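The structure appears right after this line, and notes come after that.
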Amino acid sequence: MKKLFVALAALFAPAALSAAELKAGDPAPPFTAKTDQGKPFDLKERAGKWTVLYFYPKSGTPGCTKQACAFRDALEPIGKLGAEVFGISKDSVKNQKKFVEKHKLTFTLLADPDGKILSAYGAKGMLGWAKRWTFILGPDLKVRWVEKDVDPALDAEKVAEALRKLQAS
């Protein structure tokens with residue numbers, strides 16, 4: 001019985017206990033991943049560019065679809081601010097590709113099937129799925145903005161506004 005309790009406690013323990021929470025000014029944890037096209041992605045190659053990383057639980061679910069489509073529809077103003085958007089979940093490359101194709105997404109999704117990126121950013125939630133968190137990384141690859149109370153429909157608008165403010169200061 002005690003072993004069962006310990007196993008369940010570990011499964012449902014808050015992710016914040018396993019990874020330090022990132023805040024503005026912290027260096028962005030480096031990572032590599034595969035894109036929805038199966039190509040390699042290395043965060044280090046984003047140095048000198050504004051980067052938006054948004055974490056979402058699962059491709060194809062209603063909230064995640066709403067959030068992805070909102071980013072797709074707001075990509076032009078975000079791009080005019082010199083930023084690129086990358087969505088990250090535990091989905092496989094195959095599932096990410098299907099999600100991109102089905103919803104005609106015009107930005108890159110990254111596959112994190114082992115949850116290592118989620119853990120590094122403190123965005124691993126219950127059952128290992130991603131929390132719905134968004135990060136803006138500056139050209140120096142430091143965290144400049146974190147949103148942990150994400151409304152899927154409004155996230156892209158908030159990101160564009162945050163980028164405007166960050167770049168104005």
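Could you please tell me which pairs satisfy a Cβ distance under 7 Å, a separation of 6+ or placement on different chains, a first residue in the stretch 59-70 that is under 14 Å from LYS102 (Cβ atoms) and in contact (Cβ under 8 Å) with a residue 24 or more places away in the chain, and a second residue that is buried (at least 18 other Cβ atoms within 10 Å of the Cβ) and of a type in the set (Asp, Glu)?
Going by the 7 Å Cβ cut-off, the qualifying pairs are SER59/ASP91.
Working only within the stretch 104-149, note down all residues that are of a type in the set (Ser, Thr, Tyr), within 14 Å of ALA83 (Cα to Cα) and out of contact with any Gly (no Cβ under 9 Å at 6 or more places or on another chain). Break it down into steps so the answer makes sense when it comes.
Taking the stretch 104-149 as the starting set, the residues that turn out to be of a type in the set (Ser, Thr, Tyr) are 106, 108, 119, 121, 134.
Imposing the further condition that a residue be within 14 Å of ALA83 (Cα to Cα) reduces the set to 106, 108, 134.
Across the stretch 104-149, the qualifying residues are THR106, THR134.
Could you count how many residues in the stretch 62-112 are aliphatic (A, V, I, L, M) and more than 24 Å from TRP50 (Cβ to Cβ)?
1
Could you tell me whether any residue of the stretch 71-79 is within 14 Å of the chain's Cα centre (by Cα) and at pLDDT 95 or above? Let's see the steps before the verdict.
Step one: of the stretch 71-79, the residues within 14 Å of the chain's Cα centre (by Cα) are 71.
Those left that are additionally at pLDDT 95 or above: 71.
Yes: the stretch 71-79 contains one or more residues that are within 14 Å of the chain's Cα centre (by Cα) and at pLDDT 95 or above.
Whether any residue in the stretch 44-56 is under 12 Å from the mean Cα position of the chain (by Cα) and surrounded by fewer than 17 Cβ atoms within 10 Å (Cβ to Cβ) is what I want to check. First the steps, then the outcome.
Step one: list which residues in the stretch 44-56 are under 12 Å from the mean Cα position of the chain (by Cα), which gives 51-56.
This time we only want the ones that are surrounded by fewer than 17 Cβ atoms within 10 Å (Cβ to Cβ), so: none.
Looking through the stretch 44-56, none of the residues is under 12 Å from the mean Cα position of the chain (by Cα) and surrounded by fewer than 17 Cβ atoms within 10 Å (Cβ to Cβ).
Are any residues in the stretch 150-169 farther than 15 Å from GLY82 by Cα and in contact with a Phe, Trp or Tyr (Cβ under 6 Å, 6 or more places away or on another chain), and if so, which ones?
Within the stretch 150-169, no residue meets the criteria.
The values are calculated or read from the model by the stated rules, or taken from the named source; none is laboratory data. Everything numeric in this text was worked out from a predicted model, so none of it was measured. Neighbour counts run over all protein chains shown; Cβ positions are idealised from the backbone, glycine included.
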